[in-house]
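Student: Starting off with a structure, shown below.
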Amino acid sequence: RSQIIPNTKQLKVLNLKLTDAGIYTCEYGSHKVHISLHVFELTISSDGHFLPNEVPKLTLMQNSSKPLPNLSITLFNSNNNTVIAKPLENTPQKYILQLKELEATDSGTWMCHVHADSPLINQNIAFDVKVLGFQNPVLERKYATVDSTVILSWHLNFRKIIWKEGFTGRLNWKRQENATPRELFDFNVTARGEQHKTKKSNHFRFEIPESKPESTIELKLHKVHFNHSGQYQCQLAYKGRYTQNNIELVVMKVSANPVGPLPSGAKTTLICQVSSPLPPNAHLLWERVNGTQEDVKKSKQNEAKVEVNVSAAGLWNCHLIEDNDMKISLSYPVEEAPVWISYAVTGASIGGSVLVFGLACLCIISGISWQRRRQRAKRMIRARQYLLENKTCQCQQ
């Protein structure tokens, strides 16, 4: 592992080890020069490959022919910011430091600065930290309207951080927080970055688009249903450790009660609702196109539904607004019924009233007739009993 450079007579030692530390002597005739070699060895747990929220440990070893100095160690992350580390062990030969919980954004080249006063040491040791994870926020909320097409995407960072290890993953869906997850598909990524997906569910209608770039996991839903809402979880697994990222899909729909054209003088209720309660910074809003301020109805905090009573034809829009930003909208046209329908409705109402009145009268007449028949039958029974008791027979001349 060593060689002498002929021109400069320098000694070159490759792949230094702790045991290489010591005093090296160069002899030239009667001249001798002594050089003391001080060796540091820096190692990081998991070979520098982590998942989010994991806590790495850093170990610094030193060896020298002289008494080992006390070291001062300062750490800098990939953004050149100082990192506070917790010392777990401090001996002249070994220093073990515990770092903070990692995030995907912590990936990059870190620096360990080693300082000592006697002998004077100012040494920078670079090491790589790679955190496999997502570029999405921890929880992303996506809104969609019924019958629309939506694509849910998870952007992985394995190409960005040059992750040269294989890992697996899967995509789950669950309707509610405490529901049992349903696996939609799984995937694996090779050490070369090649991605392979396998569909697991045939009951849940979805499509797996060809992701470009390949570091993206996508799910496509055609004609979104109200019951497609819920949490979609993308999980990554590496050497028995797991991390996941959720996208919550909120679906909105509008309806009317009663449905259909609005007859003159009648009213209908327009209903706008979403599949789950909204966060405090979001709300639903009904408004009539070209209407006045009175033609506006806003949902209360954390409500998932808002209703508005309508007595005239017009176009109404329901908006979902989050932090003053309109996320999605749905329109509902209230149409005025033709005149003949209004007459038909009025006639049907009058006819229905007459029919009810007629049926009531028929019931009364039938009841009276039945009562009379019953009384006549009672009189005949009493007469028959009277004749039998007196044993007489009356004959008509």
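Student: Looking only at region 1-149, where both bridge partners belong to it, what percent of the DSSP beta bridges are antiparallel (to the nearest 5)?
Tutor: Of the beta bridges lying entirely in region 1-149, close to 95 percent run antiparallel.
Student: Per the 1.4 Å probe, what fraction of the accessible area of the chain, in percent, lies on carbon and sulfur atoms?
Tutor: 51 percent
Student: Anything over 30 Å Cα to Cα? Flag those among LYS267/LYS305; LYS9/LYS164; LYS94/LYS239; LYS17/LYS164; LYS164/LYS327; LYS100/LYS199, in the order listed.
Tutor: On the way: LYS267/LYS305 19 Å; LYS9/LYS164 39 Å; LYS94/LYS239 28 Å; LYS17/LYS164 26 Å; LYS164/LYS327 39 Å; LYS100/LYS199 37 Å.
Flagged as over cut-off: LYS9/LYS164; LYS164/LYS327; LYS100/LYS199.
Student: To continue, here is another question. Alpha carbon centre of region 221-273 versus region 15-90: separation in Å?
Tutor: 56 Å
Student: Starting from the Cα of LYS197, draw a straight line to each of the aspartates and glutamates and keep only those under 18 Å, dropping any in the same chain fewer than 8 residues away.
Tutor: Filter leaves GLU165, GLU183, ASP186, GLU207, GLU210, GLU214, GLU218.
Student: Can you tell me the order of 92-102, 259-269 when each peptide is scored by its average per-residue count of other Cβ atoms within 10 angstrom, highest first?
Tutor: 92-102, 259-269
Student: By average Cβ neighbour count within 10 Å, what is the ranking of 171-179, 20-28 from highest down?
Tutor: With the highest mean Cβ count within 10 Å placed first, the list reads 171-179, 20-28.
Student: Name the GluC sites (Glu not before Pro) in region 198-253 that are in a loop by DSSP and that have at most 11 other C-beta atoms within 10 Å, would you?
Tutor: When the GluC sites (Glu not before Pro) of region 198-253 are filtered for loop state and at most 11 Cβ neighbours within 10 Å, GLU210 remain.
Student: Right, another one. Using the per-residue mean of other Cβ atoms lying within 10 Å as a proxy for protection, in what order, highest first, do the peptides 77-83, 220-226, 282-288 fall?
Tutor: Details: 77-83: 12.6, 220-226: 14.1, 282-288: 19.9.
Put in order of decreasing packing, that is 282-288, 220-226, 77-83.
Student: Suppose only helical runs count, i.e. DSSP H with n ≥ 4. What mean residue ellipticity at 222 nm does that imply for the chain under -39500 (n - 2.57) per run, divided by all residues and rounded to the nearest 500 deg cm²/dmol?
Tutor: Numbers: 1 runs with 52 residues, N = 397.
Mean residue ellipticity, 222 nm, calculated: -5000 deg cm²/dmol.
Student: To the nearest 10 degrees, how steep is helix 339-390 against the longest Cα principal axis of the chain, on a 0 to 90 scale?
Tutor: 50 degrees
The values are calculated or read from the model by the stated rules, or taken from the named source; none is laboratory data. Quantities reported herein were computed from a predicted structural model and do not represent experimental measurements. When we count neighbours, we look across all protein chains shown, and the Cβ atoms used for this are built from the backbone with ideal geometry, even at glycine. Side chains are part of the model used for accessible areas, which takes the heavy atoms of the whole protein and leaves out ligands, DNA and RNA. Shrake-Rupley method; radii C 1.70, N 1.55, O 1.52, S 1.80 Å.
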